[in-house]
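Some notes on the structure that comes next.
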Amino acid sequence: YKSIGLKGFWQGYFASRVAPMGPVGGEVCSAVFYNFQPEMVQRALPAAWHAASPQAVLAARYESLQPVLAAMFGDDETIAEAAHLATLAIEGCALDGRALFAGHASLPPPDDAVLRLWWAATLLREHRGDGHVAALLASGVDGLEAHVLAVGTGRVPKELMQTARSWSDEEWTAAERRLEVRGLVGPEGLTTSGAELRERVEDITDDLAVEPWHRLGDERTARLSSLLQPLRERVLATGRIPFFNPIGLPIGDPG
């Protein structure tokens, strides 16, 4: 991204992920991403579009990804099959209420097999992510409160979540107090009610994410999972995914 004029990590992150929606501003990006401190996003967008168009950002994304993914996976003959199955899972899924997913679904799938697998995985991610935002909204949990609840589980440290999403101490404390008033967090972390609410959010998220797997069917879903497991191990072996991480996924969890 530096080669096309973007400055710093966050211009590249926000611009590349939201580029399929066009040259939107920070307010739109904050709304669909849901969990970042809005002023943080607005420092990156629309400034990134002054340096490069969404089309240039997307081209740079693929150009940087292809050699990295090719080096990681080589000529693994399972890549093409995994890409095919992942594409079948995601093609034709409903776009309603899923802004990021719809944007990425509007892009043509790459011809290169490893890029096509990455493209399909990105679509699956955004499909689930849009559903998770809907689940949080329906449960009366804003983006910052979602982080406070995640920290309350003990799976991810406060310092990581607060810093990674650029929330101030004052904003974090205010969110804690809102959740305390609702009886969802206490001095020891999540209360019973808080844990139940978070579990409901995850259950709703799972329910909203089933369409791709219903489309693929049980047998082909199991086959795709078996193909992806060794690829996952290669990714983890690079050490490029930190643990802890803002997603809160532990290293031993297949997701």
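The values are calculated or read from the model by the stated rules, or taken from the named source; none is laboratory data. Worth saying up front: this structure is predicted, and the values here are computed from it rather than measured. FYI the Cβ positions are ideal-geometry reconstructions off the backbone, even for glycines, and counts take in every protein chain you see.
Observations on the model:
- Residue check for VAL148: more than 24 Å from PRO20 (Cα to Cα) and in a loop (DSSP other than H, G, I, E, B): no
- Some residue of segment 139-156 being over 30 Å from LEU95 (Cβ atoms), within 17 Å of the chain's Cα centre (by Cα) and aliphatic (A, V, I, L, M): yes
- ALA102 being assigned by TED's automatic domain parsing to the domain that holds THR192 and in contact with a Phe, Trp or Tyr (Cβ under 9 Å, 6 or more places away or on another chain): no
- For segment 71-81, the criterion of being charged (D, E, K, R), in a loop (DSSP other than H, G, I, E, B), without any contact (Cβ under 8 Å) to a residue 40 or more places away in the chain and at negative phi is satisfied by at least one residue.
- Test: residue in segment 109-125 that is of a type in the set (D, E, K, R) and more than 18 Å from the chain's Cα centre (by Cα): yes
- Checked against (1) surrounded by fewer than 21 Cβ atoms within 10 Å (Cβ to Cβ); (2) part of a helix (DSSP H, G or I), ALA94 passes all but a single condition, namely (2).
- The residues in segment 1-15 that are in a helix (DSSP H, G or I), surrounded by 21 or more Cβ atoms within 10 Å (Cβ to Cβ) and hydroxyl-bearing (Ser, Thr, Tyr) can be counted, and the count is 0.
- Some residue of segment 46-54 being within 19 Å of GLY131 (Cα to Cα), modelled with pLDDT of 95 or more and buried (at least 16 other Cβ atoms within 10 Å of the Cβ): no
- Condition met for LEU85 (more than 18 Å from the chain's Cα centre (by Cα) and either loosely packed, with under 15 Cβ neighbours inside 10 Å or within 19 Å of ARG125 (Cβ to Cβ) (or both)): yes
- For segment 218-241, the condition holds for at least one residue, the condition being that it is assigned by TED's automatic domain parsing to the domain that holds HIS132, closer than 30 Å to ARG43 by Cβ, at pLDDT below 95 and of a type in the set (Lys, Arg).
- The condition (being assigned to a helix (DSSP H, G or I), exposed (fewer than 15 other Cβ atoms within 10 Å of the Cβ) and not aromatic (Phe, Trp, Tyr)) is satisfied by just one residue among GLU180, GLU176, GLU171: GLU171.
- Of all the residues in segment 146-161, those that are without any contact (Cβ under 8 Å) to a residue 60 or more places away in the chain and surrounded by 21 or more Cβ atoms within 10 Å (Cβ to Cβ) number 4.
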